[in-house]
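The block underneath contains the structure these notes are about, expressed in structure tokens.
The values are calculated or read from the model by the stated rules, or taken from the named source; none is laboratory data. Fair warning: this is a prediction, and the values are worked out from it, not measured in the lab. Cβ coordinates were reconstructed from backbone atoms using ideal geometry, including for glycine residues, and neighbour counts include every protein chain displayed. Surface areas here come from the heavy atoms of the whole protein model, side chains and all, with no ligands, DNA or RNA. Shrake-Rupley method; radii C 1.70, N 1.55, O 1.52, S 1.80 Å.
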Amino acid sequence: MEAAAAIRSTAAPRMPLAGRSRGPGTAAARAIPGSRGDWQTACAILSSTNDTPTPPAPKVNGQNSNKLAAPAIPGSEDAAFSLDLVPAAGAGNLPRPLSISDLSPAPLHGAQLRVAYQGVPGAYSEAAAGKAYPGCEAIPCDQFEVAFQAVELWIADRAVLPVENSLGGSIHRNYDLLLRHRLHIVGEVQLPVHHCLLALPGVRRELLARVISHPQALAQCEHTLTRMGLNVAREAFDDTAGAAEHIAAHGLRDTAAIASARAAELYGLQILADGVQDDAGNVTRFVMLAREPIIPRTDRPFKTSIVLAHDREGTSVLFKVLSAFAFRDISLTKIESRPHRHRPIRLVDDANIGTAKHFEYMFYIDFQASMADVRAQNALAEIQEFTSFLRVLGSYPMDMTPWDAAPSSTSSSGSPSSSSDQQQRG
């Protein structure tokens with residue numbers, strides 16, 4: 001009986017996982033009687049089976065794999081068995097695994113993107129959009145809030161909006177909109193501003209009665225216009241390029257506009273004076289907004305923007321906020337206070353003089369660190385312990401383009417955005 005058990009064990013080899021077929025070996029094992037003669041006959045059958053050459057191993061995805069399956073028995077279905085797990089493909093055609101760069105696209109991925117900006121064609125915001133996303137489809141909006149809504153409603157993919165100017169300071173309207181809407185800052189771009197004095201062809205400077213432009217553009221050129229002897233009325237307009245368009249559309253021969261050289265080209269105006277800004281280092285910083293944040297990285301300089309508020313008295317909370325960054329050697333590039341829109345007045349009991357009224361403030365802070373940096377994570381964790389509100393507006397790559405790269409090329413190219421190809425955002 002022990003010999004018969006050994007025969008059964010030998011005569012039934014392990015089949016591949018796809019199934020076992022009934023070959024001669026298994027049939028002989030089942031037909032073994034107890035006599036010595038029949039036992040010798042079974043041994044002869046097994047011997048002839050083992051002398052047969054081993055058939056090729058099953059194929060996996062069209063290739064032999066001796067390690068994946070045991071030899072099949074002649075005459076069985078396993079002799080031509082094949083496993084097609086996935087479509088066969090050459091090594092060079094296999095898909096590349098996703099990496100962090102796929103999930104966090106570089107800022108130069110702007111081809112075919114729809115980018116909203118405030119103003120009309122020829123505005124500096126349009127030049128900033130082209131610098132941030134070369135090859136994009138720029139979508140003009142008549143108001144800042146419309147640009148926010150265009151991204152939220154999927155009309156546009158991105159928005160590029162100004163937040164501060166080196167001469168005029170912060171653009172508070174956009175800081176308020178950043179808090180009101182749920183878009184994320186995914187990048188920044190710094191655009192040198194090169195103002196020109198524009199008028200209809202044939203108009204002389206001494207015949208001008210007024211100058212129109214955006215309020216910040218008028219403020220940035222005030223001293224230069226005075227030195228030029230233009231003691232005329234100065235009227236605010238929605239944006240610089242819009243002022244140029246207004247003059248061209250209505251044929252105003254007694255009015256000049258402060259705008260870009262590209263606006264003069266688009267609306268058929270002549271340049272009466274080039275470079276009329278008071279300071280040659282006139283730079284506007286724009287932020288790029290998207291519906292989803294990008295994944296922060298540590299392989300390049302990053303900046304993070306936050307907004308916070310506190311409901312405690314005194315200056316100790318602000319000191320603690322600054323200390324959280326100072327102790328970790330994190331540099332701040334901006335701190336801006338804005339009155340709290342929902343609670344603009346705070347009542348403070350004072351035993352001596354009764355009730356005093358003070359403004360409650362929101363603090364906007366930019367610091368040079370990525371949210372992937374442990375220092376930044378620990379700093380915000382500490383700040384959150386003594387603030388009533390904390391929100392990260394975005395963690396994004398810094399714009400490292402030299403400021404003096406664009407003004408010199410403005411007059412020759414006719415566009416303040418001619419330095420966009422030099423943007424170092426690889």
Calculated FRET value between Arg328 and Glu292, using beta carbons and R₀ = 25 Å, to 0.05: 0.35
Accessible-area composition of the range 124-241, carbon plus sulfur, in percent [1.4 Å probe]: 52 percent
Hey, what's the range 204-257 come to in accessible area per residue, 1.4 Å probe, Å²? 50 Å²
Given N residues in the range 239-326, what is Rg(Cα) / (2.2 N^0.38 Å)? 1.86
Protection proxy ranking of 178-190, 259-271 - average other beta-carbon atoms within 10 Å, highest first: 259-271, 178-190
Quick one: which residues, 5+ away or cross-chain, put their amide H under 5 Å from the amide H of Met362? H built at 1.01 Å from N. Arg338, His340
Sorted by mean Cβ packing within 10 Å, highest first, what order do the peptides 241-248, 229-236, 164-171 take? 241-248, 164-171, 229-236
For the range 154-196, report the accessible area per residue in Å² (1.4 Å probe, heavy atoms, rounded to an integer). 31 Å²
By per-residue mean of other Cβ atoms within 10 Å, what is the highest-first order of 210-220, 119-129? 119-129, 210-220
